[in-house]
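Trainee: This is the structure I have questions about; it appears just below.
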Amino acid sequence: MVERSIAFGKPMVGKEEENLLLEVLSGTQYVHGDKAKFFEQEFAKKTDVEYAISTSSCTAGLHLGLHIHGIKNGDKVIVPAMTHVATAHSVEFQNAYPVFIDIDPKTGNIDLDLLSATIEKDQIKAIIIVHYLGLPVDVHAIKAIAKDKDILIIEDCALAVEASVDNVKAGALGDMGCFSFYPVKHITTGEGGMITTNDSQIAEKAKKMKAFGYNSALGERKIPGIYDVVDLGYNYRMSEFHAAIGLAQIKKLDYFIKKRQENFTYLYDKLQEIEELYIPYDHNVRFQSAYYCLNILLPKKQTHHRNTMIETLGDKNIGVSVHYPCAVPCFTYYKEKYAYEAKDFPIATWYGNGSISLPVGPHLDIDDMQVIADNIKAIVHSLDIKNK
Ligand SMILES: *Cc1c(COP(=O)(O)O)cnc(C)c1O
């Protein structure tokens, strides 16, 4: 019998991706073509937004978002303490000041009480909301808190394709959203990202700023080769190769999400039997998750077992991950720059030390979930993990 091997993530690509990719390769248009345009149109439809602008990554999108809104030297931007470092780096790129806020232990999303207190006492220019592992933040509550304060709200939707709050999709909840198509995200283009917005001005600026700040795009020029440069723009475009893969991937998205939800629901039920573990998740039907993965969290005094658990699972051919291994303000770069300490962010630190992300991706099925649950149960007991 072939031994089962469970990968944390696996790009699900086939003939459709291959055919579209070869179409690009055998043509002459490697950038500025129809593939990116069609991918943007399909993505806008799926996300229920007016505008979708492809980018070279989610990080590029986040940076562009702050750049086009004139976030600059010393401006304060709120970032959750538990997220991918890209969220905070985008603020640093602008020489702005990341104001880190700890997370809610129940969900891993930004703590709304701390957020509210910070907005009351500090002059905040922007908030980057992160839908942690696909579970959407209560953006309505944040808007209510930020009301009349003219605060820009950018959603980091890297793990939140198809998540929604009250049937409004992530990416349409704030002023703009940024998605990622890195290989193990919900859909992939290799590297790539997408900005979504309902604001025509944001869309126009993003298009200009992702392409050097040209006043007119390649297809819009009256005389070929003649253009003006009106801004300090970047090269954050998505190539036609990447877009071709995305165009094939987005047709599979509904199926991917359905499989993720099935796997997640099954595994979540099975893991409920293990009293020693916390599972940060919220069942509220208003908040539809994108089910990126299923996090388990060891009790605070048991987090020293975490790495052993990961290794033991690895020995059983079960690939897991950690989102993320450290509260962002306590990564060396931020710690040295701003002198933060772990005790300033106790919940994010707990997640960093004690969480394991279990896979629920569409490359896996219910049998895989059962294997994961059985192994977790066995390991928790063999390590004698207590629930205090
Ligand atoms: C993956 C990820 C990013 C970075 O996305 P890239 O496309 O690799 O730039 C940003 N934020 C979150 C929450 C992520 O998970």
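Trainee: State which residue is nearest to the chain's Cα centre (by Cα) when the search covers only the stretch 346-385 and only residues that are over 17 Å from Tyr292 (Cβ atoms) and assigned to a loop (DSSP other than H, G, I, E, B). So that I can check it myself, show each step before the final result.
Mentor: As a first pass, look at the stretch 346-385 and keep what is over 17 Å from Tyr292 (Cβ atoms): 346-350, 352-354, 365-367, 370-371, 373-385.
Filter once more, so that each one left must be assigned to a loop (DSSP other than H, G, I, E, B): 365, 383-385.
Details: Asp365: 23, Leu383: 32, Asp384: 34, Ile385: 31 Å.
Among them, the one singled out is Asp365.
Trainee: Out of all the residues in the stretch 176-188, is one or more of a type outside the set (Val, Ile, Thr), more than 11 Å from the ligand (Cβ to nearest atom) and modelled with pLDDT of 95 or more?
Mentor: Filtering the stretch 176-188 down to residues of a type outside the set (Val, Ile, Thr) leaves 176-183, 185-186.
Within this subset, residues satisfying the condition of being more than 11 Å from the ligand (Cβ to nearest atom) are 176-177.
Within this subset, residues satisfying the condition of being modelled with pLDDT of 95 or more are 176-177.
The answer is yes; a qualifying residue exists.
Trainee: Which one is surrounded by the most Cβ atoms within 10 Å (Cβ to Cβ) among residues in the stretch 104-133 that are in a helix (DSSP H, G or I) and in contact (Cβ under 8 Å) with a residue 24 or more places away in the chain? Show your work before the answer.
Mentor: Residues of the stretch 104-133 in a helix (DSSP H, G or I): 112-121, 132-133.
Subsequent filtering for residues that are in contact (Cβ under 8 Å) with a residue 24 or more places away in the chain retains 112, 115-116, 118-119, 132-133.
Details: Leu112: 16, Leu115: 24, Ser116: 15, Thr118: 18, Ile119: 20, Tyr132: 27, Leu133: 23.
That would be Tyr132.
Trainee: Now for a separate question. Under 8 Å between Cβ atoms, which residue pairs at least 6 apart in sequence (or on different chains) link something in the stretch 351-380 that is at pLDDT below 95 with a partner that is surrounded by 19 or more Cβ atoms within 10 Å (Cβ to Cβ)?
Mentor: none
Trainee: If you don't mind, there's one more thing I want to ask. For the condition more than 15 Å from the chain's Cα centre (by Cα) and closer than 25 Å to Asp199 by Cα, what is the one hit in His63, His67? Working first, answer last.
Mentor: On the way: His63 fails: more than 15 Å from the chain's Cα centre (by Cα).
The unique qualifying residue is His67.
Trainee: When the stretch 209-257 is examined, which residues are found to be open to solvent by 50 Å² or more (accessible area, probe 1.4 Å), basic (Lys, Arg) and within 26 Å of Ala160 (Cα to Cα)?
Mentor: Matches in the stretch 209-257: Arg237, Lys251.
Trainee: Sticking with this structure for a sec: How many residues, within the stretch 8-39, are surrounded by 15 or more Cβ atoms within 10 Å (Cβ to Cβ), small (Gly, Ala, Ser) and under 25 Å from the mean Cα position of the chain (by Cα)?
Mentor: 2
Trainee: Name the residues in the stretch 156-175 that are more than 12 Å from Ala290 (Cβ to Cβ) and either within 16 Å of the ligand (Cβ to nearest atom) or not β-branched (Val, Ile, Thr) (or both), would you?
Mentor: Asp156, Asp166, Asn167, Ala172, Leu173, Gly174, Asp175 - these are the residues of the stretch 156-175 that are more than 12 Å from Ala290 (Cβ to Cβ) and either within 16 Å of the ligand (Cβ to nearest atom) or not β-branched (Val, Ile, Thr) (or both).
Trainee: Considering each of Ala60, Ala44 in turn, give the residue that is more than 27 Å from Ile310 (Cβ to Cβ), touching a Lys or Arg at 6+ places or on another chain (Cβ under 9 Å) and crowded, with 16+ Cβ neighbours inside 10 Å. Before the answer, list the steps.
Mentor: Numbers: Ala44 fails: touching a Lys or Arg at 6+ places or on another chain (Cβ under 9 Å).
Step by step, each of Ala60, Ala44 is checked, and only Ala60 is more than 27 Å from Ile310 (Cβ to Cβ), touching a Lys or Arg at 6+ places or on another chain (Cβ under 9 Å) and crowded, with 16+ Cβ neighbours inside 10 Å.
Trainee: Oh, and also: Out of Ile71, Ile53, Ile101, Ile78, which single residue is away from the ligand (no atom under 16 Å from the Cβ) and either open to solvent by less than 30 Å² (accessible area, probe 1.4 Å) or within 30 Å of Ile296 (Cβ to Cβ) (or both)? Walk me through how you get there before you give the answer.
Mentor: Working: Ile53 fails: away from the ligand (no atom under 16 Å from the Cβ); Ile101 fails: away from the ligand (no atom under 16 Å from the Cβ); Ile78 fails: away from the ligand (no atom under 16 Å from the Cβ).
Only one candidate passes the filter, namely Ile71.
Trainee: Among the residues that make up the stretch 258-268, is at least one of them open to solvent by 10 Å² or more (accessible area, probe 1.4 Å), without any contact (Cβ under 8 Å) to a residue 12 or more places away in the chain and outside any helix (DSSP H, G or I)?
Mentor: The answer is no, given that none of the residues of the stretch 258-268 is open to solvent by 10 Å² or more (accessible area, probe 1.4 Å), without any contact (Cβ under 8 Å) to a residue 12 or more places away in the chain and outside any helix (DSSP H, G or I).
The values are calculated or read from the model by the stated rules, or taken from the named source; none is laboratory data. What you see is a predicted model; the values in this text were computed from it and never measured. All Cβ positions, glycine included, derive from the backbone under ideal geometry; neighbour counts span all protein chains shown. Heads up: the accessible areas ignore ligands, DNA and RNA and are worked out on the full protein's heavy atoms, side chains in. Shrake-Rupley method; radii C 1.70, N 1.55, O 1.52, S 1.80 Å.
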